[in-house]
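Since the structure comes first, as structure tokens, the remarks are kept for the end.
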Amino acid sequence: TFIKCLLDEEDFTGKIAFGPTVKYGYLPQIIHFSHPERTLYDTMLYEKNCSPQMARDRLGQFLFSGEDVFKTVGTLSGGEQSRLRLCMLMDEKINLLILDEPMAALDIACKQSISEYIKRHKQEGGIVLISTHDLIEMELCDEQYIIKNGVLNRFDYKGNLDELVKSL
């Protein structure tokens with residue numbers, strides 16, 4: 001709900017405004033592609049307007065290699081679709097990455113790939129906003145907040161699960 005309010009997809013009482021230099025990319029929980037009949041490779045070529053080698057290189061960075069790049073987007077699992085969407089966001093020169101439960105339904109290799117992308121984005125000066133229930137994702141964050149009874153509260157997780165449970 002918080003992310004939907006932030007992106008003006010849900011009504012709420014209040015106002016949120018992004019600064020003029022903020023360029024955000026959004027990875028929703030449920031991914032939709034305009035052309036699910038296209039292969040991953042063709043999706044990169046047509047939607048990201050990149051060279052064939054650049055498409056293969058980027059897909060490889062997100063664990064799509066060999067014949068996998070010729071799968072159709074519509075046949076991908078939810079986790080694979082998330083990786084593909086993140087791969088596509090990588091090229092957009094965004095400085096705010098908004099992720100809604102990005103590691104839900106992912107296997108360990110996918111989680112590791114996405115974690116590395118998040119760390120790299122932060123090292124390059126980007127900001128990442130993650131809505132999560134996943135402890136691995138929480139550990140990627142410099143600051144954690146919990147919304148309880150409609151109030152946003154800062155929480156210092158630091159790996160202390162007992163404290164997290166008490167705060168809920």
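Here are the numbers:
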| item | result |
| --- | --- |
| Gain upon complete extension [T75, D8; 0.36 nm per residue less C-alpha separation] | 21.1 nm |
| Solvent exposure ordering (accessible area, 1.4 Å, most first) of V73, V22, V128 | V22, V128, V73 |
| Given the chain, longest segment not containing exposed loop trypsin sites (Lys or Arg not before Pro) (DSSP; at most 13 other Cβ within 10 Å) | 24-92 |
| The chain: DSSP helices with Cα axial extent of at least 18 Å and average Kyte-Doolittle hydropathy no lower than 0.0 | none |
| Estimated 222 nm signal from helices in the chain, with DSSP H stretches of n ≥ 4 weighted -39500 (n - 2.57), rounded to 500 | -10500 deg cm²/dmol |
| Pairwise Lys count, the chain - Cα closer than 23 Å, eight or more residues apart or different chains | 27 |
| Three-way shape call for the chain based on the alpha-carbon gyration tensor, with the a/c threshold at 1.5 | prolate |
| Low-density loop positions, GluC sites (Glu not before Pro), the stretch 90-151 - DSSP coil, at most 14 other Cβ in 10 Å | E92, E124, E143 |
| Loop-located GluC sites (Glu not before Pro) in the stretch 27-81, at most 13 other Cβ atoms within 10 Å (DSSP) | E37 |
| Cα-projected label distance for Q53 with L152, points at 7 Å along beta-carbon direction, nm | 4.5 |
| Sequence-distant residues sharing a close amide H with Y145 (under 5 Å, placed H) | F155 |
| Residues whose placed amide H lies under 5 Å from that of Q29, excluding near-sequence neighbours | D100 |
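The values are calculated or read from the model by the stated rules, or taken from the named source; none is laboratory data. These numbers come from a predicted model, not from an experiment. We place every Cβ from the backbone using ideal geometry, glycine too, and count neighbours over all the protein chains shown. Ligands, DNA and RNA are stripped out before the accessible areas are found, and what is left, the full protein with its side chains, is counted by its heavy atoms. Shrake-Rupley method; radii C 1.70, N 1.55, O 1.52, S 1.80 Å.
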